Structures are given as C-alpha cells and as structure tokens.
1. Kindly provide the set of residues from region 312-325 that are among the polar types (S, T, N, Q) and outside any loop (DSSP other than H, G, I, E, B), ordered by number.
2. Residue by residue through region 16-47, note down the ones that are in contact with a Phe, Trp or Tyr (Cβ under 8 Å, 6 or more places away or on another chain) and farther than 18 Å from LEU297 by Cβ.
3. Return the residues of region 253-277 that are loosely packed, with under 11 Cβ neighbours inside 10 Å and within 19 Å of ARG206 (Cβ to Cβ); say none if nothing qualifies.
4. What pairs come up if the first residue lies in region 325-346 and is touching a residue at least 12 places away in the same chain (Cβ under 8 Å), the second is open to solvent by 60 Å² or more (accessible area, probe 1.4 Å) and not in a helix (DSSP H, G or I), and their beta carbons are under 6 Å apart, counting only those six or more places apart or on different chains?
5. Going by what's in this entry, would PRO467 be described as closer than 24 Å to SER157 by Cα and either at pLDDT 80 or above or open to solvent by less than 50 Å² (accessible area, probe 1.4 Å) (or both)?
6. I'd like the full set of residues that are at pLDDT 80 or above, outside any loop (DSSP other than H, G, I, E, B) and open to solvent by less than 50 Å² (accessible area, probe 1.4 Å), limited to region 497-519.
7. Report the residue count in region 278-313 for those that are farther than 27 Å from SER33 by Cβ, out of contact with any Gly (no Cβ under 8 Å at 6 or more places or on another chain) and open to solvent by 50 Å² or more (accessible area, probe 1.4 Å).
8. Cβ-Cβ distance below 6 Å, separation of 6 or more or different chains: which pairs start in region 415-440 with a residue that is more than 22 Å from TYR84 (Cα to Cα) and end on one that is assigned to a helix (DSSP H, G or I)?
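The values are calculated or read from the model by the stated rules, or taken from the named source; none is laboratory data. These numbers come from a predicted model, not from an experiment. Reconstructed Cβ throughout: ideal geometry from the backbone, glycine too, with neighbour counts over all protein chains shown. Surface accessibility is based on the protein's heavy atoms, side chains included, excluding ligands, DNA and RNA. Shrake-Rupley method; radii C 1.70, N 1.55, O 1.52, S 1.80 Å.
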Amino acid sequence: MRITGTGHASMRIDTGAGSILCDPWVNPAYFASWFPFPDNSQLDWETLGDVDYLYVSHLHRDHFDAEHLKSFISKKATVLLPEYPTSQLEDELRELGFTSFFKTKSNEVHELDGGLRIMIQALISPTDGPIGDSSLWVEHEGVRVLNQNDARPTDLSTFAELGHVHAHMLQFSGAIWYPMVYELPQAAKTAFGKQKRDRQFDRTWRYIDDLKADHVFPIAGPPCFLDDELWQFNDIFGDEGNIFPDQSVFMTEYAKVGGTNAVVLLPGSASELTTESIETTHPTDVDEFFANKKAHLEEMRERKAPIIAAEKASWRHPEIDVLGELKKRIEPLLEESIYLAKGVGGPVRFDLVSYDGDAIESIVVDFPGKQVRSYADEKVRYRFRTQRELVEHLIFIDEGDWVNSLFLSCRFTAARIGQYNEFVYAFFKCLSEERLQYAEGWYDEHEKSVEAEDTQLGDWTVQRRCPHLKADLSRFGIVEGNVLTCQLHGWKFDLPSGRCLTSVGHKIRAEKTDQGVNR
C-alpha cells in the first residue's frame, strides 16, 4: 500500500485493487483565512485526482473544497459516502458532477472490487463537524490503515477489533477560534491557549495508545494564516499558548512521551507500507523545511495576497438589509427551536462594524423572545463583533452554518459572561430547516436517554458516559480532588454537586463511595 501526502488531512491511498483520494483541500477556506500548510497548490493534481474512489470525511471547508473537487477530481471516481442523517454532503457532491456513490453503513465493513475492504465510522451529533464527521478504515492484502483525520470517536475499539492497524493518521493541532478571538488580557489568553494545546496533545496520545498502530501520521493541521490581520495566529512567535502547533512540534512532544514511530508527510511525500515495514521518501528535507517555516510562510503570504484581496472584494453587499434578512431567516427557526433555544437561554448580540470602521449596528438574536431585533441596551451573556460585510456575504450566499464559516474564519472577536455554552454554536450551525430539525431531535433523544451503567473513578461512582457527548469515562475520565475531567473534550464536572464546570447544563450523576463500595 502506498500513501501519498497531499496536504493537511488529504492523502491518496494506492493499493493493487484501486486508489482512494481523501479530503483534497487546496483553496483558501473560511473567508480566505485558512490556507493549507505546507503549500500543496503546486502538486500534480491532474494525476492525483485521477482515482477510483473519493472519500470526503465531512463538510468542513478544509476537507470539502468544492472548487478543487470540481476542477481536478475525476468524476468517474466512486464516492465512498459516510452514513449521515442529512443528505447535504451527497447533494453538494452531485452538484459538482459526481454521479457514482457507494453508500456505506456506519461501522460496517464493505467489500469493494479486488479484495479492497473499507469501513467508515460516522459520528452524527450536532457538535461533530457540520452535522457529521467520520473516519475511514482501509484494508488490502493484510495491510490496514485508519484515517481518523479530525474525528473524535469515544474510543477506537471498533477499528482495533478488525485486526492490527499498521498506519494511524490523526489530528493533533487546533482547528477552532478559542481562545484567540476572546477579548481577554493577554496573560489569560496565553494561559487558556496553553491549557487547550496541552489537552490537544493529551487526547492525541490517548488515541495513539488505544490503537497501538505500527506507524502514526500527524495530519489534519495546522492551517496557516496569510492575511496580515490574522498573521499572529501562526505558531512562529514562540507563544506557548498558540493552539496551532505544526508537525515538527508534534514530533518533539511525541518524543517526550516515548513516541518513536511517527511519520511526517509533506505534500508529495510517499510511504510504501507493508505489514512488516515502511519506507518514506520526501520532496525535501523535513527538518530543514520546518526550520525555515517563517520564510516559507512569508513567501506564501506574498504569493497568495492577490487571492485574499479578490476574496475580500467579493464580500460587500450594501443592498442587503441585514436586520430585515436575519429576521426573515432566523425567526422561523427560533419559533421551532425547543432544546437549542432553551439551552442558549438568553439574547446573543452581534456588533456589526461598518465598512469605514466608524459605526456599529448591534443586532440581538433573542432566544427567549423568539425574535431578531435591534439591541435594546440589555445585558447579554454572549457578544460577537465582526465586519458588517461578512454577515452581508453570509446572507448573500444563504449560508446555513455560521460556525463553519464566520466563526472558523477567526475574523471576529467575542466576549461572554460565565461558562461556555455549546447551544449557541449548535444553533448557528443549524440555520436551515433540515439541520435544525435534526439537531432538535438529537438533543431530544439525548436528554431523555438514561445512562444506567456506572464506573468507579477513585472514591467516586459516576455514570460511565460523559453527559457531553457520551465518551466512556472509564477510559477518558480523570478525577483530581472533587473534579472530574473528561479528556476527550476537556470538560470538567464538580462531583459533589454534579454540576458541569465547563458549560451550561450537562449535569453528571455521581456518588462518593466508601473504600470503593457504593453506599
């Protein structure tokens, strides 16, 4: 089996029974804020795109690059489609010209031509990507690969049970806006960033230890930021709170915990993998490349500047009545929302900065009042500040997911009072009838489910499944004093009260035991 690095979370897997191209991303994403690094735009995509199968893990735009898929990927390729609750991924691929789809069943092994076997595990909570994320397992002639990309399964036992895995590809770096965009003192921002960076690595080590593959490939990040307004987010300033460490940092941190089996893929690198060995060739020296990272970024910044300028020129739509359009689009969803609206629990404010930067229009999405209106000088728990033209463009393109567009762009600042509230982001990810109905149904089922099984963690008996996304706390739970931390997403709970310390809601069931025996 040959694995060719094609940038970020993308790779081409070649076997004697066919080739699979995974998640090809080349063009800038999220309002031209994210670019692949190292740059992969100069690869021979005509050749790389001539494949038998295409796998797009999910609809994040650093995995689903519509322009690139349309221009460079063979429409004769059969799409390996994850089992998602909505048809959006399939619909968008069909619009791009793909006609052949192999619809998989989650966690079920499928036999393809020539003895090629695949399994796709679909994660379908409203917080998994844009209504879904997935991982791809591939086997041919005894060689097994797991492309986990940036999915976060509660455990990897489903894959391990299929036989020993020889290559494990997984995310290690950040892919979010927190804490960089928050209006915090720099010392606090650095402390929160370092905490998040450490959690990212801890989660990665846990996944690696769970699967125990022969070889580990750090993929799916980090992006780079080439706009001058976002340049500070690149990890080139020695900031221990930067959440975007690159592959060279991964190698250093992995070595600290005893890791010796990692393989870095640059765009154009190729690994020849057997059940017994691996041989990897690179287009350039890996260590030397990352030692000169800043110079590479500066060269990319100059070369990509016209692309960013063209993107920015397309955002303004002064003919749009922002308040009126938001009322028209969002108020019907508020009327239908039960769980999400209750979960948000208050008004959310958007401060829209005018083109010249001098004026601000403040708009409130009032979840209890079920309306969108002008700000009335009331107290809000969440406030977002962004350029007016970005919201105009979201309205113009009828974007149904502001999380995986505006928020991931990092082109905003935020402030909040109190704890993180996942329902805020869940709602703004679901600005369409189909998505909202799915999310409401998921939370309805989730809230009504009762976890009967317990696990013992130190002196505490707690429900085995995390109230957040049902991670197995016997594997991911750590108790320090009276606080339980779920390492999968870093959520914390006060055990005596059961209260979630990370977000609103999500109370945990816990009971103190005497010498490990239930009272």
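1. Narrowing region 312-325 to residues among the polar types (S, T, N, Q): 314.
Within region 312-325, none qualify.
2. GLY18, SER19, ILE20, LEU21, CYS22, ASP23, PRO24, PHE31, TRP45, GLU46, listed by residue number.
3. Taking region 253-277 as the starting set, the residues that turn out to be loosely packed, with under 11 Cβ neighbours inside 10 Å are 256, 258, 260, 276-277.
Of everything in region 253-277, those that are loosely packed, with under 11 Cβ neighbours inside 10 Å and within 19 Å of ARG206 (Cβ to Cβ) turn out to be LYS256, GLY258, THR260.
4. GLU331/GLN371; GLY346/ARG381
5. On the way: closer than 24 Å to SER157 by Cα: yes; either at pLDDT 80 or above or open to solvent by less than 50 Å² (accessible area, probe 1.4 Å) (or both): yes.
Against the criterion (closer than 24 Å to SER157 by Cα and either at pLDDT 80 or above or open to solvent by less than 50 Å² (accessible area, probe 1.4 Å) (or both)), PRO467 qualifies.
6. Going residue by residue through region 497-519, those that are at pLDDT 80 or above are 497-502, 507-513.
Checking the rest, the ones that are also outside any loop (DSSP other than H, G, I, E, B) come to 500, 510-512.
Within region 497-519, CYS500, ALA510 qualify.
7. Quick first cut of region 278-313, residues farther than 27 Å from SER33 by Cβ only: 278-282, 285, 287-288.
Then drop every residue that is not out of contact with any Gly (no Cβ under 8 Å at 6 or more places or on another chain), which leaves 278-281, 285, 287-288.
Of the ones still in play, those that are also open to solvent by 50 Å² or more (accessible area, probe 1.4 Å) are 279, 281, 285, 287-288.
Qualifying residue count for the region: 5.
8. Pairs that qualify, where the first residue is more than 22 Å from TYR84 (Cα to Cα) and the partner is assigned to a helix (DSSP H, G or I), are VAL424/VAL344.
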